[in-house]
Each structure stands twice: as C-alpha cells, then as structure tokens.
Amino acid sequence: MTKLLLSQDIHPEGRKMLEGSFDIIIPADTSQEALLRAAAGAEGIILRTTSGVTREVIAAAPKLKIISRTGAGVDNVDVAAATERGILVCNLPAVNNLSVAEHTIAMILSLAKDLPAMDRAVRSGAWKQRNAGRAVELEGKSLGVVGMGNIGSLVARKCALGLGMKILAYDPYAADKFKGEDYVFVPALEKLFAEADFVTLHCPNIPETKGMVTGKLLSSMKAGAWIVNCARGGVVDEGALYDVLKEKRIAGAALDVFSAEPPPPDSPLLSLENLIVSPHAAALTKEATIRMSTQAAAAVLDFFSGRRPRYVYNAKDLGLS
C-alpha cells in the first residue's frame, strides 16, 4: 500500500478520505527530526505548518512524488529541491482566506476597543478602567494593507464597507486590479507606515520580504498607531517591534505569527501588555480546518488516481502548464 506521511494529524473528515487507500504514517511529534525519520519510503506527504519539507527531507524520501500543503503558503517547502526531483508541490490558495481575514479584523477591533485590558480590569476588580479613554472608533481611520492578494484584499473590502475605514495599500503587483475601488495605493512602504492608523500585513515570508518591517519603519508610525501580523513572523523585526512597544512609541500590536513558533516562554514580546497574541491560529476555524484537510487529501487522491490535482504550485517549472 502507498505510504502517505502526515506531518501532523488532520481533521477526521480528511483522514476518512485517505483511510483504506494509503498506509498513513504520522511522526511521533511535530519536530523536524521526527519528520525526517518518518520520511523514508513515503510516496506522498500532507504538510501542515509545524515542520518543513526541506532538501534533507526530500533526499531521505527517494519515492516521494507529491507534497500537499494544507494551506496557501509554501514557505515551509523547498520547492526548488522538489521540482528538481519532479515532485508536485500542491497548495490551497483560497482555502483559509475568510478565516484569516476575519481573525485579522477581530484583532483590529480588539486593539481599537482595548478589549484585553478591559477584560483584565473587570477580572481584577479595576472597574474604573472603563474611564481610561483608550478605545477608539474605526470609522474614518486609515488601514494600511501590505499585500493585496486574496486575504489582504478581503480585509480591505470588509474594513472599508463594514467599518468605514479608509484604505491605503502597498502592493507593486496588484494596483491595476483595484482601479474601481476607493483605495489609495502608495508607492513605498515608508509612506504607508507613516500615514496609516492601522497596518496589517498580508505577504509571504520569502527572501524579498524577510525582515521587511524594520525598526525604521516601525519608528515612523504614528504614536497612536497599531500593527497586526497574521501573515508570517519572519517579515517583522521582532526585536525592533519589542522596542517600539516597550517604549510606547506606537499604541500596540497583534501577532498571530512569530519568527520562532511557538515563541519561547521567556520571549520579551510576551511580557508586553500592549500586545495581543494568538498561536498561529487565524486559519484554524472549524470550517477552514475541514476544508484544508479534505482538499489537501483530495490532491493526494487525485494524483495517485492518475488525475492532476487542482492546484499545483510548481506546475510551470514541471512543464505541466
């Protein structure tokens, strides 16, 4: 029976689709070492975000034919190494757009309304926190969206139409797609960070974006501004973010992602009261979890049944399109 490696267990509905057709292997834990040990003999891998299919993993799996991601991002796959071996890398470009967009907006609202501090105050008996006056209205505030792909553009649309926010956007590749929208595309990140009341990041962690949000950009933000990152941790200089938050040079931040996941318990960021955090869970709603598991499973089933999977990230380089 074909050996299929799951980097981490998937939703039962996805598992049900695979059982009986594959010998399913799940590593003992989510470490990179465990994935590497389990890779031998695998002909397919369904990959979540907890580990990566590196060149080393690919070398340890000489029978590997397909890597199926449970999300849109492929930054935890060595796509070049896979392509060299003729291995399909499949992803799900739109599977969690709504979940991540809603999580982003929830974080924006939590920051604007000072909800975590309000919650702590009531629980500790500090009822007078209601008079702190830190909460703000979102109507008329400017939202700077970095990356106007599927998720960023959805956040922009919902915040503009639903919350009455003004949209500033930075995306050198997408401006022409939004000519009919009342959005202002800026030519440089510096302008967006300097002018926006909220900044939200929606870009992949690739060499061009790694460390893109520098201390200089963060320091250029308004004193009352906030930043939200539900994209990838590597795009933000976390040391610089800690400094501006600690010194209260900006109002606050919200992070769903970190450069190291999970962040170490002694991470300085976790000591900050003007920071909201969640455990890389923006995509993990009940609905999206089912979609991710079933669609990633469908890609594997299609491939081993002789059908082309719906989304093949490296199709062009493999000569498939």
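Computed values, structure above
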| item | result |
| --- | --- |
| Index of the failed condition, LEU192 passing every other in (1) under 20 Å from the mean Cα position of the chain (by Cα); (2) in contact (Cβ under 8 Å) with a residue 40 or more places away in the chain; (3) within 27 Å of ASP243 (Cβ to Cβ) | (1) |
| Those residues of region 219-234 which are buried (at least 23 other Cβ atoms within 10 Å of the Cβ) and not in a loop (DSSP other than H, G, I, E, B), in sequence order | TRP226, ILE227, VAL228, ASN229 |
| Members of region 30-68 found to be of a type in the set (Lys, Arg) and within 21 Å of ASN314 (Cα to Cα), listed by number | ARG48, ARG55, LYS63, LYS65 |
| Residue check, GLU195 surrounded by fewer than 15 Cβ atoms within 10 Å (Cβ to Cβ) and in contact with a Ser or Thr (Cβ under 9 Å, 6 or more places away or on another chain) | no |
| Hits in region 101-136 - residues which are within 23 Å of the chain's Cα centre (by Cα) and either β-branched (Val, Ile, Thr) or assigned to a loop (DSSP other than H, G, I, E, B) (or both) | THR104, ILE105, ILE108 |
| Residue in region 136-151 that is hydrophobic (A, V, I, L, M, F, W, C), at pLDDT 95 or above, farther than 19 Å from ASN229 by Cα and not assigned by TED's automatic domain parsing to the domain that holds GLY71 present | yes |
| Flag for ASP29 being without any contact (Cβ under 8 Å) to a residue 12 or more places away in the chain, surrounded by fewer than 20 Cβ atoms within 10 Å (Cβ to Cβ) and assigned by TED's automatic domain parsing to the domain that holds CYS90 | yes |
| Enumerated helices (runs of 4 or more DSSP H) restricted to region 1-100, each holding at least 3 residues that are among the hydrophobic types (A, V, I, L, M, F, W, C) and out of contact with any Ser or Thr (no Cβ under 7 Å at 6 or more places or on another chain) | 32-38, 55-59, 79-84 |
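The values are calculated or read from the model by the stated rules, or taken from the named source; none is laboratory data. It should be emphasised that the depicted structure is a prediction, and the values quoted were computed from it without experimental measurement. For neighbour counting, all protein chains shown are included, and Cβ atoms are generated from backbone atoms with ideal geometry for every residue, glycine included.
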